[in-house]
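These notes concern the structure reproduced below.
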Amino acid sequence: MIGRETLQKNMAYAENLWRKADCIHLGQLEEVIRIAANEKPLLSPTEAASVYRTAFPNTSLISEKFAAFLQLLWERRLLQPAPLQNTHDAKESYSFLYVPSSYTELACKRFASVIPSLHLSPKTDFQKICETASSEKNSFCILPISSSTEGELPAFARMIHEYQLKTRAVCDVITSDGETELRFALLTGQICWTELTTFAEISFQPESGKQIIDALLAMQRLGAGLYRINARPMEYNMNKFYYKITVNIAQENIHSVAAFIETAFPMGACGAFHII
């Protein structure tokens with residue numbers, strides 16, 4: 001009984017220390033924001049990251065503390081909003097590149113609601129459509145990414161990673177058995193935030209297991225909930241892994257989440273999308 005009481009007291013003491021440390025961190029962030037606001041009334045995400053690095057040179061941007069900093073800036077209207085793309089220019093032509101199949105045709109029809117001014121461009125080579133979508137403006141490719149029976153489709157996941165494609169939207173198509181769902185992604189070379197964005201994806205090779213936890217805690221601080229996390233070995237080293245983390249975003253948190261991903265994962269943003 002004495003041991004249990006001692007343990008409870010120690011836990012209460014540790015929680016109290018944690019709360020005090022959190023208050024100290026919050027006070028530090030408030031002071032940095034006060035100084036920054038006197039110099040510039042509106043910070044871009046890059047400028048915000050620079051201010052943070054100057055104030056806390058030994059702290060990684062992949063941290064809950066940096067996420068809290070961005071959140072405070074946004075709440076005080078000191079952080080530049082993410083450039084939300086509402087519609088596509090009707091005067092421009094957009095290409096949908098895909099390898100034809102009955103299921104892909106259904107996916108094309110679903111994705112037409114996202115990009116109305118489109119030109120369907122069937123091809124025969126998955127690698128080629130990935131390369132074109134990655135490098136050419138206004139080009140999108142459609143790939144199957146998972147199924148309800150097999151899970152993630154590794155070959156297509158590798159192509160998406162290799163060509164650094166960004167997910168713009170996803171949809172599910174029921175196969176001929178009436179039960180299996182095949183998920184398709186609409187992919188392009190640029191990240192695109194919109195008012196419909198409800199999911200964001202990042203892909204990175206963590207320096208340690210702690211960095212994965214830090215990334216998840218940061219997303220949680222920004223109000224983004226974990227939707228899925230996948231790990232895949234690097235092709236040049238099977239003992240090292242890159243992780244793809246997908247989070248669910250509420251509309252009011254889009255701007256702070258976008259700022260965090262842009263700065264903490266400048267090369268790792270791989271999707272801002274919604275499910276059709």
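The values are calculated or read from the model by the stated rules, or taken from the named source; none is laboratory data. Note that this is a predicted model, so its numbers are computed, not measured. FYI the Cβ positions are ideal-geometry reconstructions off the backbone, even for glycines, and counts take in every protein chain you see. Just the protein is used for accessible areas: all its heavy atoms, side chains included, with ligands, DNA and RNA removed. Shrake-Rupley method; radii C 1.70, N 1.55, O 1.52, S 1.80 Å.
When the residues of segment 110-161 are filtered to those that are among the aromatic types (F, W, Y) and either open to solvent by 80 Å² or more (accessible area, probe 1.4 Å) or out of contact with any Cys (no Cβ under 8 Å at 6 or more places or on another chain) (or both), the one that is nearest to L187 (Cα to Cα) is F140. If I filter segment 74-90 for residues that are touching a residue at least 60 places away in the same chain (Cβ under 8 Å), assigned to a helix (DSSP H, G or I), on the phi < 0 side of the Ramachandran plot and crowded, with 19+ Cβ neighbours inside 10 Å, do I get at least one hit? Scanning segment 74-90 turns up at least one residue that is touching a residue at least 60 places away in the same chain (Cβ under 8 Å), assigned to a helix (DSSP H, G or I), on the phi < 0 side of the Ramachandran plot and crowded, with 19+ Cβ neighbours inside 10 Å.
Per-residue answers, yes or no, for (1) buried (at least 16 other Cβ atoms within 10 Å of the Cβ); (2) at pLDDT below 90; (3) in contact with a helix residue (DSSP H, G or I) (Cβ under 6 Å, 6 or more places away or on another chain); (4) among the basic types (K, R):
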| position | (1), (2), (3), (4) |
| --- | --- |
| I174 | no, yes, no, no |
| G178 | no, yes, no, no |
| L186 | yes, no, yes, no |
| G189 | yes, no, yes, no |
| G209 | no, yes, no, no |
| D214 | yes, no, no, no |
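Residues in segment 129-154 that are outside any loop (DSSP other than H, G, I, E, B) and free of Cβ contacts under 8 Å to residues at least 12 places away in the same chain: G151 alone.
Condition check: at pLDDT 90 or above, more than 29 Å from E262 (Cα to Cα) and open to solvent by less than 50 Å² (accessible area, probe 1.4 Å). Does V99 satisfy that? In short, yes.
Examine segment 252-259 for a residue that is within 19 Å of R168 (Cβ to Cβ), open to solvent by 40 Å² or more (accessible area, probe 1.4 Å) and assigned to a helix (DSSP H, G or I), and state whether such a residue exists. Checked segment 252-259: no residue is within 19 Å of R168 (Cβ to Cβ), open to solvent by 40 Å² or more (accessible area, probe 1.4 Å) and assigned to a helix (DSSP H, G or I).
Here is the figure for segment 53-75: residues that are under 21 Å from the mean Cα position of the chain (by Cα) and of a type in the set (S, T, Y) total 2.
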